[in-house]
Structures are given as structure tokens and as C-alpha cells.
Amino acid sequence: MRVSSLSLRAVFLATSISITALACAPTSAFADDEARRAILDLRQQVKQLTDQSQNARFQLADQLSALQHEMTEMRGQMEKLRWEIEVNKRTSEDQSGGNTPQVGNPQEQAAFNSAMGLFRSGKYKESAAGFGSFLSDYPNSQLATEAKFYQGSSQYASKDYKGSIQNLQAMIQASPKDARAPDALLIVAASQIELNSTAGAKASLQKIVKDYPQSSAAETAKSRLKLLQ
């Protein structure tokens with residue numbers, strides 16, 4: 001009986017140990033699974049935050065680029081508005097002061113006046129074509145330099161920047177001492193800025209300051225050079 005009792009106790013003890021071991025094993029495995037899931041969740045959250053931060057940076061860069069583009073357009077619009085005010089002012093002064101050259105040929109004068117009328121009306125494409133036709137018909141006219149200036153001005157206003165630069169530079173080369181030469185260079189510089197040729201614009205503005213220091217255009221050129229630094 002004693003041996004039997006001891007055997008029963010041994011069996012009971014072994015059974016208890018086995019049950020305890022079986023009970024503890026799943027708990028440990030469950031804890032490891034939870035830890036792994038927590039780590040995976042944390043990694044996923046970090047990845048999401050990283051992606052969101054990157055997207056936010058891209059969006060901010062796009063917004064800054066759009067803002068810079070808008071500012072560039074605004075500067076261009078302001079530049080064109082200043083140009084229109086200045087040219088219209090000088091055109092009015094020429095009319096009131098009788099500074100616009102007159103020629104004896106009525107047809108020649110009428111052709112010039114027609115193109116100038118289009119310019120004053122803001123029909124810049126038409127006025128550019130009108131001055132072009134005038135220069136083709138009367139290349140040696142006393143009004144040729146004047147026509148070249150307004151042709152280039154009209155091209156600038158109608159966003160034909162390359163054409164404006166070409167014609168105004170030709171005018172300056174042919175008549176460097178003409179009173180409108182420094183103003184023509186201002187328009188050349190403005191066209192070059194529109195074409196993203198900052199170096200060209202600086203050169204044009206520096207030429208005004210150097211070659212026409214006493215002109216009103218020289219002060220404008222100095223202020224614009226500061227903006228391009």
C-alpha cells in the first residue's frame with residue numbers, strides 16, 4: 001500500500017508539472033506574438049508618418065514653385081504696365097510738343113500715322129505689322145527710326161520678345177545717338193527678362209548706364225540692375 005501511495009503521488013506530481021508547463025508555454029508564445037505585432041504596427045506607423053512628411057514636403061515645394069511663378073508673372077505685368085504708362089506719356093509729350101517728325105509725302109505720313117493710331121489704341125500686333133509695312137515701303141524715311149522704335153515696342157507688348165529684341169537692337173546699332181536709343185535698350189532688357197536671359201538683360205541695362213548716363217532711362221536701369229543682383 002505504501003508503494004502504491006508513493007506511485008500515485010509521483011504520478012500526480014508529474015501530471016501537475018506537465019499541466020503547468022502546458023499552461024505556461026502558450027502564454028509565453030502569445031506574449032512574443034503580441035510583441036512582434038506591436039513592432040510591426042510601430043514600423044507601419046513610422047512608415048506612414050515618413051510618407052506623409054515626404055508628401056508634405058513635395059506639396060510645399062509645389063506651392064513655393066507656383067508662388068514664385070505667380071510673382072514672376074506679376075512682375076512681368078507690372079513691368080508691362082510701367083512700360084505702357086511711360087511710352088504713352090512720352091507719345092503724348094511728342095504730340096503736344098510737336099516732336100514727332102513730319103514728312104512732305106502725304107502717303108508716307110498717312111502710313112506712319114495709321115500705324116501710330118493702332119499703337120495708341122493698344123492694337124499692338126496690328127501696329128507692329130503696320131510699322132513693318134511702313135519700313136518696307138519707306139526704308140529711307142525720316143520717320144524710319146521712330147517707326148523701328150514703335151515696331152519693337154509693339155512686338156514687346158504683343159509678347160513677340162525675340163522680334164522686339166532683333167528690331168530694337170538693329171535700331172540702336174543704326175542710330176546709337178537717337179534720343180530713343182536708351183528707351184529701346186530698356187525694352188530690349190525687359191524682353192530678355194521675359195525670355196529668362198538674365199545675363200543679356202544685365203548687359204543691356206549696363207550699356208544704358210555706360211553709354212547714356214544722363215538719360216532718364218539710366219536711373220531706371222540702375223534700379224533694375226539692383227533687382228537682378
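Where a number appears in this text, it was derived from the coordinates with a stated rule and is not lab data. If you're wondering where the values come from, they're calculated on a predicted model, not measured in any experiment. No Cβ is skipped: glycine too gets one built from the backbone with ideal geometry, and neighbour counts run over all protein chains shown.
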May I ask you to compute the full-extension gain from Ile39 to Phe58, defined as 0.36 nm times their residue separation minus their alpha-carbon distance, rounded to one decimal in nm? 4.0 nm
Can you work out the Karplus-derived ³J(HN,Hα) for every residue in region 215-229? Use 6.51 cos²θ - 1.76 cosθ + 1.60 with θ = phi - 60°, whole Hz, and x for glycine or proline. 7, 5, 5, 5, 5, 4, 4, 4, 5, 6, 5, 5, 5, 8, 5
Spelling out what I want: for every residue of region 41-54, take phi, set θ = phi - 60°, compute 6.51 cos²θ - 1.76 cosθ + 1.60 (Karplus), and round to whole Hz; glycine and proline get x. 4, 5, 4, 4, 5, 4, 4, 4, 5, 5, 4, 5, 5, 5
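Give, in nm to one decimal, the length gained when the segment between Thr50 and Asn196 is fully stretched (0.36 nm per residue of separation minus the Cα-Cα distance).
48.9 nm
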Inter-probe distance in nm under a simple model that places probes 7 Å from Cα toward Cβ, at Gln102 and Asp137: 2.0 nm
Can you tell me the length gained on complete extension of the stretch Asp32 to Asn113, counting 0.36 nm per residue apart and subtracting the Cα distance? 19.8 nm
What does the charge count near Gln229 come to, summing +1 for each Lys or Arg and -1 for each Asp or Glu among other residues with Cβ under 14 Å from its Cβ? +4
With a cut-off of at most 10 other beta carbons within 10 Å, and DSSP calling the residue loop, which trypsin sites (Lys or Arg not before Pro) in region 151-184 qualify? Please list them. Lys177
